[in-house]
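For reference, the structure discussed in these notes is given below.
Just so it is clear, none of the values below were taken in a lab; they were calculated from the coordinates. Since the model is a prediction, treat every value here as computed from it, not as a measurement. As a convention, Cβ positions derive from the backbone with ideal geometry for all residues, glycine included, and neighbour counts pool all protein chains shown.
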Ligand code: AMP
Ligand code: ZN
């Protein structure tokens, strides 16, 4: 499964280069070309799935294993103190490459990056109603 216009499909096909660090039958990992911190890598399925919802759950264990193996190696190779593992899904969430991928970002105690500012619910009723709405949505689609 390959998308002709997709930069990550071209990397998988070997049509454009990457700094490859890990590969299995279904998974590829390589350095992000614009690292948040040096050592920032991507873990991608070789097949073209556009986001988390398009992604087959059967690949989940292979991706998690890749994230653990590659993540551990990045931490050791860079001397990082921690790591953020995240995925952007759809443009509103910052997705720029529409081939599903997980970011492995090594973090250092004083790297100065802050996670998002958190907000709050107006009251507990609002939180409870939203939790129930989401729960109902899960039941209706599964
Ligand atoms: P996202 O915003 O989650 O879609 O992230 C896309 C990521 O892909 C960005 O962090 C880019 O720096 C990275 N990227 C784009 N093109 C390449 C490439 N040819 N090789 C490695 N990383 C890339
Ligand atoms: Zn692709």
*Checking residue 83 against (1) crowded, with 17+ Cβ neighbours inside 10 Å; (2) not in a strand (DSSP E or B), which test does it fail?*
(2)
_Odd one out for residue 68, checked against (1) in a loop (DSSP other than H, G, I, E, B); (2) closer than 29 Å to residue 111 by Cβ; (3) more than 12 Å from the chain's Cα centre (by Cα)_ = (1)
*asked:* Can you report the number of residues in region 45-59 which are under 12 Å from the mean Cα position of the chain (by Cα) and free of Cβ contacts under 8 Å to residues at least 40 places away in the same chain?
replied: 0
*touching a residue at least 40 places away in the same chain (Cβ under 8 Å), more than 15 Å from ligand 2 (Cβ to nearest atom), surrounded by fewer than 18 Cβ atoms within 10 Å (Cβ to Cβ) and more than 15 Å from the chain's Cα centre (by Cα), is that true of residue 38?*
yes
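In region 72-79, is there at least one residue being more than 16 Å from residue 104 (Cα to Cα) and away from ligand 1 (no atom under 14 Å from the Cβ)?
Initial filter on region 72-79 (more than 16 Å from residue 104 (Cα to Cα)): none.
No, every residue in region 72-79 fails to be more than 16 Å from residue 104 (Cα to Cα) and away from ligand 1 (no atom under 14 Å from the Cβ).
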*Mind listing whichever residues of region 69-96 are within 30 Å of residue 4 (Cβ to Cβ) and touching a helix residue (DSSP H, G or I) at 6+ places or on another chain (Cβ under 6 Å)?*
85
_In region 3-35, the residues that are within 11 Å of ligand 2 (Cβ to nearest atom) and either surrounded by fewer than 13 Cβ atoms within 10 Å (Cβ to Cβ) or assigned to a helix (DSSP H, G or I) (or both)_ = 4, 5, 7, 8, 9, 10, 11, 12, 13
